[in-house]
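Where a number appears in this text, it was derived from the coordinates with a stated rule and is not lab data. Since we're looking at a predicted model, the values are computed, not measured. Glycine gets a Cβ as well: all are built from the backbone with ideal geometry, and neighbour counts include every protein chain shown.
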Amino acid sequence: MERDQDYYDVYQSPLVERYATREMGELFSANTKFRTWRKLWVALAESEKELGVPISHEQIEGLKRFQDDVNHERAQELERETRHDVMAHIRAYGEQCPESHPIIHLGATSAFVGDNADLIILRDGMRLILKKLVNVIDALGEFAQRHRDLVTLSFTHYQPAQLTTVGKRACLWAYDLTLDLEDLEYRLENMRFRGAKGTTGTQESYMKLFDGDEDKVRRLDQLVAEKLGFDASFAVTGQTYPRKLDSQFVDVLSGIAQSSYKFSNDLRLLHNLKEMEEPFGSKQVGSSAMAYKRNPRRCELIAGLSRHVIANSLNPAMTVTGQWFERTLDDSANRRLSLAEAFLAVDSVLNVYMNVASGMEVYPAVINRHVMDELPFMVTEELLMEAVKAGGDRQDLHESIRHHSVAAARAVKEEGRANDLLERLAEDPGFAVLKGKFGTLTDPGKFCGRAPQQVDEFCENIISPIRKKYAGQLGMTATLHV
């Protein structure tokens with residue numbers, strides 16, 4: 001794509017330039033915004049005509065003819081004169097279809113187009129996020145099933161704890177996202193439209209338009225909502241729809257960012273352990289100086305963008321608290337930034353997450369080596385119980401385990417030797433009765449509890465219903481810009 005010199009002389013948002021998909025970028029574009037304004041003006045005129053306002057068929061057809069043909073340059077010119085974006089676009093629209101000019105925006109306030117358009121865009125943005133979210137969940141489910149019984153160390157405090165499986169750990173990542181999906185679905189299902197509420201939400205202008213006929217005023221509100229794909233509008237509003245909705249939506253996005261950030265941290269730690277890695281291109285460069293490096297830059301990108309979303313979630317919350325009475329305009333500039341950026345950033349995060357989850361590399365030999373380094377300590381209780389069953393003294397055996405454990409740990413930490421605790425115990429007279437059984441008793445698969453079965457149950461009970469519900473939206477592949 002050719003770019004003129006101005007492109008290089010003026011700041012460009014990295015969210016658009018480097019990270020977000022074109023689909024999400026177009027949704028928050030000027031074209032989408034102002035075409036949606038015109039769609040709203042058409043719906044309002046149609047609804048008013050249906051309810052008896054003297055609007056001609058020709059006037060509505062004039063509006064429809066130029067609904068998607070926005071004369072942006074003329075609108076910008078008029079906005080410089082009027083210092084009012086909505087009035088500028090009304091005039092620009094009216095210049096294209098003069099016969100329709102008298103009935104554009106009839107009875108409406110600026111929030112009729114501004115807020116209702118925002119709600120449409122937020123709804124459509126959430127639908128795009130949902131599609132990507134279920135595809136990431138699907139990819140993690142496939143990964144979990146593939147590695148359901150690959151035994152690995154679990155960690156608490158980033159210290160080796162017990163054994164789990166790689167598949168079970170992937171279920172933890174996926175479960176976080178399914179909880180986010182539940183929140184997202186709830187917000188979408190309960191979303192409302194601002195509708196036709198008038199200047200400060202009292203519908204006074206529409207009462208005048210319909211000569212005090214309250215039934216028609218109520219019906220106008222319903223008709224406009226239905227024409228734009230909403231089942232209901234807010235019961236009451238001030239000049240704007242409740243800014244609480246912005247905060248709730250961005251909270252959902254922040255939740256997705258939190259889940260994604262957690263995943264990216266885990267995988268970066270596994271990178272360091274050389275147990276798992278994110279995809280790495282055949283020509284990808286890890287470091288300009290250290291050619292051997294394979295840095296987890298995709299996960300680092302998830303982390304960096306997720307931090308931005310989490311921090312940004314304070315903006316809508318502060319806007320809610322700062323609205324005076326029916327409305328104050330200090331929300332406007334902030335919302336232009338905070339809402340769009342939350343969607344663009346989470347779109348980017350899920351795009352990278354999908355790419356990583358679909359191509360994670362696993363190194364079983366390294367994983368097994370780490371398991372065997374720690375397993376001797378973990379199986380001592382099993383050996384103790386078996387030796388007692390064979391007639392040994394529990395207290396004497398416990399003391400032997402303690403003595404050999406301390407010696408083995410010191411050899412590992414101070415001398416860099418392999419963990420030889422099992423060999424020490426095998427030579428201990430107290431455990432002689434178990435000779436020949438050590439291999440069976442210390443099989444790692446015996447020490448991961450129900451982890452493989454939990455993977456099966458999770459995929460069947462949690463992921464399968466999601467796959468069934470959203471079958472038509474699965475199968476996405478993520479392409480990274482950088």
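Laid out as a table, the results:
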{"quantity": "Size-normalised alpha-carbon gyration radius of segment 380-441, reference 2.2 N^0.38 Å", "calculated": "1.11"}
{"quantity": "For Thr152, residues with placed amide H under 5 Å, excluding near neighbours", "calculated": "Thr164, Thr165, Val166"}
{"quantity": "Beta bridge orientation in the chain: antiparallel %, DSSP, nearest 5", "calculated": "90 percent"}
{"quantity": "Relative packing of 9-22, 196-209, which averages over residues the other C-beta atoms within 10 Å, highest first", "calculated": "196-209, 9-22"}
{"quantity": "For segment 182-187, 3J(HN,Hα) per residue [Karplus equation, 6.51 cos²θ - 1.76 cosθ + 1.60, θ = phi - 60°, Hz, x = Gly/Pro]", "calculated": "4, 4, 4, 4, 4, 5"}
{"quantity": "Charge dipole (debye, nearest 20) of segment 380-441; +1 at Cβ of Lys and Arg, -1 at Cβ of Asp and Glu", "calculated": "80 debye"}
{"quantity": "With Cα atoms, 0 to 90° folded angle of helix 244-273 axis to the chain main axis", "calculated": "30 degrees"}
{"quantity": "Computed log₁₀ I(q)/I(0) - Debye formula, equal Cα scatterers, no solvent, segment 373-482, q 0.20, 0.21 Å⁻¹", "calculated": "-1.05, -1.12"}
{"quantity": "Selection from Ala451, Val406, Pro160, by position along the positive dipole direction of the chain (Cβ)", "calculated": "Val406"}
{"quantity": "Estimated D of segment 9-127 in µm² per second, where Rh is the Kirkwood radius over Cα pairs and Stokes-Einstein applies at 37 °C, 0.692 mPa s", "calculated": "213 µm²/s"}
{"quantity": "Peptides ranked, highest mean first, by Cβ atoms within 10 Å: ranges 433-439, 398-404, 130-136", "calculated": "130-136, 398-404, 433-439"}
{"quantity": "Segment 39-92: Rg to Rh, with Rh as the Kirkwood radius over Cα pairs", "calculated": "1.06"}
{"quantity": "Cβ-based charge dipole, the chain, positive-most Cα from Leu421, Leu188, Val309", "calculated": "Leu421"}
{"quantity": "Relative intensity, log₁₀ I(q)/I(0), of the chain from a Debye sum that treats every alpha carbon as a point, q = 0.13 Å⁻¹", "calculated": "-1.20"}
{"quantity": "Per-bin percent of Cα-Cα distances, segment 418-482 [10 Å]", "calculated": "16, 23, 18, 16, 15, 12, 1"}
{"quantity": "Shape metrics for segment 49-185, restricted to C-alpha atoms - Rg then Dmax, Å", "calculated": "26.8, 77"}
{"quantity": "Angstrom value of the Kirkwood radius, inverse mean 1/r, which spans all Cα pairs in segment 157-255", "calculated": "16.9 Å"}
